[in-house]
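What follows is a set of notes on a single structure, which appears directly below.
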Amino acid sequence: MRRVAIEERPDWRQRAADCGFAFHTIEGERYWDERAYYAFDLRQVEDDIEDPTAELHAMAMELAAEAAGSQELMERLAIPPDARDQVADSWRRRDPHLYGRIDLAYDGHGPAKLYEYNYDTPTSLFEAAFFQWDWLERQRESGVLPGGADQFNSIHEALVARFVTIAGQLPAPLYFSASGDSAEDQGTVDYLRDCAAQAGIESGTIALEAIGLSADGRFTAGDDVVIASLFKLYPLEDLFADAFASALPGSGLRLLEPPWKLLLSNKGVLPLLWERHRGHPNLLPAEFDAGGDLPPGWVRKPLFSREGANIEMHLHDGDRIEQPGPYAGPAIRQALHLLPTFDGAWPLVGSWVVGDVACGMGIREDASPITRDTARFVPHAIVDDGRRRMVLEA
């Protein structure tokens, strides 16, 4: 694994605009950053990222099956009491799931370490699945990258295939929804809607703020059309805390991601996995936080938090790093394992799972050991191995 500095393409912004990549720059700061790329060899990708991702996903699904039938585990995971029956029922029905992202610390040597599962509302999807691949193809064509350069990236094909698989379990009409104020979230749902269309699924789109509730307790779009299935880029824990949550059980609404994903998009999974797989090479020691001072060598993370918010690190040398944010409530402690540094950047590997298949990765790098919402997306390539992966060829 190397960070390779290169010249950015002079026309990449126009290319991004042509592709509908509207959030490549956020609040005047680069989000897409192609002034460098991360180079891997195929062994690193297959042995250290892809295979562990598949194993960590299987471990998570095994834990979900256990937790869905356990009031004790739901309590430890701080699942709201009013949501527990819906979580359990959705697991028993095997309500279909679409995707997730597993965040890993990896430096090119030794086992990647699990930071967390993002199994409800993962973003950085369009740039990982589509624009990163477009970058690779164009850099190969221009000779910046060798013609045999490849990428761990079949995310787009996997998403289309997944929609084909689950189409029959998504009653029509299906709507895609995100906050109307977020260009990034809107870009993500527009991309997923396009994937669904390529799978032959017709759908609509609606801002979260515009969803209504009919007199008979069903969720509606414009013209009082009843929404039968809803992909929502909105955290399940927030949804279950909303005033309209009481209408969910009787509404007949099929959610994507389903309620059982609340069990996994939850940092309480980390100590539960450690209890069950103590010493696993891809896990870090973790425990539920009982409060009090955080000892050196540990990280405190709220059960429900995103984009690095409210993360507290106590370094081995006694220094502390804290990221402010809006999250509170129960937390876990995880053994400190810092991200590697390359040229002053701290890269985090986001390894994608679509359905139950590990199928690609994206890298965000920050100027801090905590990966925040201001982290930049930097592309990657597999450049120094003569073997080829048939599933990844263009």
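Taking a ≥ b ≥ c as the square roots of the Cα gyration tensor eigenvalues, with a/c under 1.5 meaning rounded and otherwise prolate when a/b beats b/c, else oblate, which class fits the chain? Oblate. Residues within the reach of a label modelled at Glu75 (point 7 angstrom out along Cα to beta-carbon, backbone nitrogen below 16 Å), restricted to region 235-277: there are none.
Would you work out if region 45-94 is rounded, prolate or oblate? Take a ≥ b ≥ c from the square roots of the eigenvalues of the alpha-carbon gyration tensor; rounded if a/c is under 1.5, else prolate when a/b is larger than b/c, oblate otherwise. Cα axes put region 45-94 in the prolate bin.
Taking Arg101, Arg13, Arg372 as the candidate residues, the one with maximal mean-square fluctuation in a Gaussian network model of the chain, Cα springs under 10 Å, is Arg13. The value of relative contact order for region 50-114, using C-alpha pairs under 8 Å at least six residues apart, is 24 percent.
Among Pro259, Pro326, Pro146, the largest mean-square fluctuation in a Gaussian network model of the chain (Cα springs under 10 Å) belongs to Pro326. Using a probe of 1.4 Å on the protein chains alone, the accessible area found for Phe176 is around 0 Å².
Between amide H atoms placed 1.01 Å from N, distances below 5 Å from Glu116 occur with Asp103, all of them 5 or more places distant or on a separate chain. Each residue, Gln169 and Ala5, gets one label point 7 Å from its Cα in the Cβ direction; the gap between the two is 4.9 nm. Applying 0.36 nm per residue to the separation of Arg278 and Asp51 and subtracting their alpha-carbon distance, the gain on full extension is 79.8 nm. What value does region 88-134 have for Rg/Rh, both radii from Cα atoms and Rh as Kirkwood defines it? My calculation of the ratio gives 1.11.
Close amide H contacts of Gly204 (hydrogens built in the peptide plane, cut-off under 5 Å, sequence separation of 5 or more or a different chain): Leu174, Tyr175, Phe176.
Over region 144-210, what is the relative contact order in whole percent, taking alpha-carbon pairs under 8 Å and six or more residues apart? Could the numbers behind the result be given before it?
Values: 59 pairs, mean separation 25.8, N = 67.
Relative contact order of region 144-210: 39 percent.
The stretch between His337 and Asp238 holds 32.7 nm of extra length on full extension. This uses 0.36 nm per residue minus the Cα-Cα distance.
Of the GluC sites (Glu not before Pro) in region 107-213, the ones in a loop by DSSP (not H, G, I, E or B) with at most 16 other beta carbons within 10 Å are Glu202. Normalised by the number of residues in region 247-327, the average gap of Cα pairs under 8 Å and 6 or more apart makes the relative contact order 20 percent.
Using the Cβ-Cβ distance between Asp18 and Asp293 with R0 = 41 Å, the FRET efficiency computed as 1/(1 + (r/R0)^6) comes to roughly 0.20. Placing +1 on the Cβ of every Lys and Arg and -1 on the Cβ of every Asp and Glu, with nothing else charged, gives the chain a dipole about its Cα centre of roughly 500 debye.
So what is the 222 nm mean residue ellipticity for the chain from helices alone, if each DSSP H run of at least 4 adds -39500 (n - 2.57) and you divide by all residues, rounding to the nearest 500 deg cm²/dmol? Show your work: numbers first, answer last.
Working: 10 runs with 98 residues, N = 394.
Dividing the helical sum by the residues of the chain leaves -7000 deg cm²/dmol.
Relative to the Cα centre, the charge distribution of region 238-347, modelled as +1 at Lys and Arg Cβ and -1 at Asp and Glu Cβ, gives a dipole magnitude of about 440 debye.
Sort region 1-154 into rounded, prolate or oblate with this rule: let a ≥ b ≥ c be the square roots of the eigenvalues of the Cα gyration tensor; rounded if a/c is under 1.5, and if a/c is not under 1.5, prolate when a/b is larger than b/c, oblate otherwise. Write down the numbers at each step before the final one.
Working: a/c = 2.78, a/b = 1.86, b/c = 1.49.
Because a/c hits 1.5 or more and a/b exceeds b/c, region 1-154 counts as prolate.
Legend: calculated FRET efficiency, Arg93 to Arg30, from the Cβ-Cβ distance at R0 = 41 Å, rounded to 0.05, equals 0.40.
Taking amide H atoms as placed 1.01 Å from N in the peptide plane, the amide H of Thr220 lies under 5 Å from those of Gly212, Leu213, Ser214, Ile227, each 5 or more residues away in sequence or on another chain. What the phi angles of region 251-257 give under the Karplus curve with 6.51, -1.76 and 1.60, with θ = phi - 60°, is a coupling list of 7, x, 6, 9, 8, 9, 5 Hz, glycine and proline written as x.
The values are calculated or read from the model by the stated rules, or taken from the named source; none is laboratory data. The shown structure was predicted, so the numbers you read here are calculated from the model rather than taken from an experiment. Glycine gets a Cβ as well: all are built from the backbone with ideal geometry, and neighbour counts include every protein chain shown. Side chains are part of the model used for accessible areas, which takes the heavy atoms of the whole protein and leaves out ligands, DNA and RNA. Shrake-Rupley method; radii C 1.70, N 1.55, O 1.52, S 1.80 Å.
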